[in-house]
Amino acid sequence: MAGYPAATPLLATSNAAVNGASNLPVLAPGLVVSLYGPDLADVTEVVFNGIPATVLASSANQINTVLPANLEPGPALVQVKRAGIASAGRIVKVDQYAPGIFSLNQRGEGPGMIVHADTLGLVSEADPARRGQHLSILCTGLGTGAEPTVTLGEVATHVLWSGPMPDVPGVNKVDIQVPEDAPRGATVQVLLRVGGAVSNSVTLAVE
């Protein structure tokens, strides 16, 4: 109400910050992170160890932001601010790498956000991937200094390129070629690894 001071915003007491793709509490610099809490309406600023983070979207109970790329791995204090009033801090662990593959259900499981490289159409049971085809995997948390690897089932793929998506903060793209001996099926497991860290498991339809 006008004329009254803004209330202190509240972050959740556990799992306040999770990987925006995998929905797991594993974070890395430059990653899309989802913050949760019972009172986050009208929050305008997020800081990690005092470093401002880019806010992508916000609602009453969730904020999507990007972990600052210059944040050092280790413990980090996250706070949100509303009208200049800061929340109580929550300590989160920041790793060097925290790969997460975006999924259609936004819970880090089931069909992944994977598109045909030539048409940019979503891979699905109705439009499956094919052996030898190039695909793009949408992900986050790749960090810097290590090349990602991708497996379909137990079969390693040829990674063609990886890097940030232009004009989409925090989101990475990994381009792969489907191996000629890739398993076929509607729910082939996809895993991404980088710097010893392993992503969440999503699925891919392969014909």
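The values are calculated or read from the model by the stated rules, or taken from the named source; none is laboratory data. Because the structure is a prediction, the values reported are computed rather than measured. Using ideal geometry, Cβ is built from the backbone for each residue, glycine included, and neighbour counts are taken over all protein chains shown.
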When both residues are 6+ apart or on different chains and their Cβ atoms are under 8 Å apart, which pairs have a first residue that lies in segment 138-161 and is at positive phi and part of a loop (DSSP other than H, G, I, E, B), and a second that is crowded, with 20+ Cβ neighbours inside 10 Å and among the acidic types (D, E)?
none
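Inspect all residues belonging to segment 93-115 and state whether any of them is over 18 Å from the mean Cα position of the chain (by Cα), assigned to a strand (DSSP E or B) and either modelled with pLDDT of 95 or more or among the hydroxyl-bearing types (S, T, Y) (or both).
Of the residues in segment 93-115, the ones over 18 Å from the mean Cα position of the chain (by Cα) are none.
No - not one qualifying residue is present in segment 93-115.
Looking only at residues in segment 142-177 that are of a type in the set (D, E, K, R) and more than 19 Å from D95 (Cβ to Cβ), which one is modelled with the lowest pLDDT? Give the steps one after another, and end with the answer.
If we filter segment 142-177 for residues that are of a type in the set (D, E, K, R), which is where we start, we get 147, 154, 167, 173, 175.
Going one step further and asking which of them are more than 19 Å from D95 (Cβ to Cβ), we end up with 154, 167, 173, 175.
Working: E154: 96, D167: 90, K173: 97, D175: 98.
Residue satisfying both the conditions and the ranking: D167.
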Test set (1) over 12 Å from the mean Cα position of the chain (by Cα); (2) surrounded by 14 or more Cβ atoms within 10 Å (Cβ to Cβ) - C139 fails condition number
(1)
Only listed residue being under 15 Å from the mean Cα position of the chain (by Cα), surrounded by fewer than 21 Cβ atoms within 10 Å (Cβ to Cβ) and not assigned by TED's automatic domain parsing to the domain that holds S199, chosen from A69, A41:
A69
Is it true that some residue in segment 167-180 is buried (at least 18 other Cβ atoms within 10 Å of the Cβ), touching a residue at least 40 places away in the same chain (Cβ under 8 Å) and on the phi > 0 side of the Ramachandran plot?
yes
Search segment 55-84 for residues that are assigned to a loop (DSSP other than H, G, I, E, B) and pair each with any residue that is among the aromatic types (F, W, Y) when their beta-carbon atoms are under 8 Å apart and the residues are at least 6 apart or on different chains.
N61/Y36; L67/F48; P68/F48; L71/F48
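Could you please give the count of residues in segment 116-137 that are in a loop (DSSP other than H, G, I, E, B) and closer than 20 Å to A197 by Cβ? Before you say what the answer is, go through the steps one by one.
Taking segment 116-137 as the starting set, the residues that turn out to be in a loop (DSSP other than H, G, I, E, B) are 117-121, 123-128, 130-133.
Then keep just the ones that are closer than 20 Å to A197 by Cβ; that gives none.
Qualifying residue count, segment 116-137: 0.
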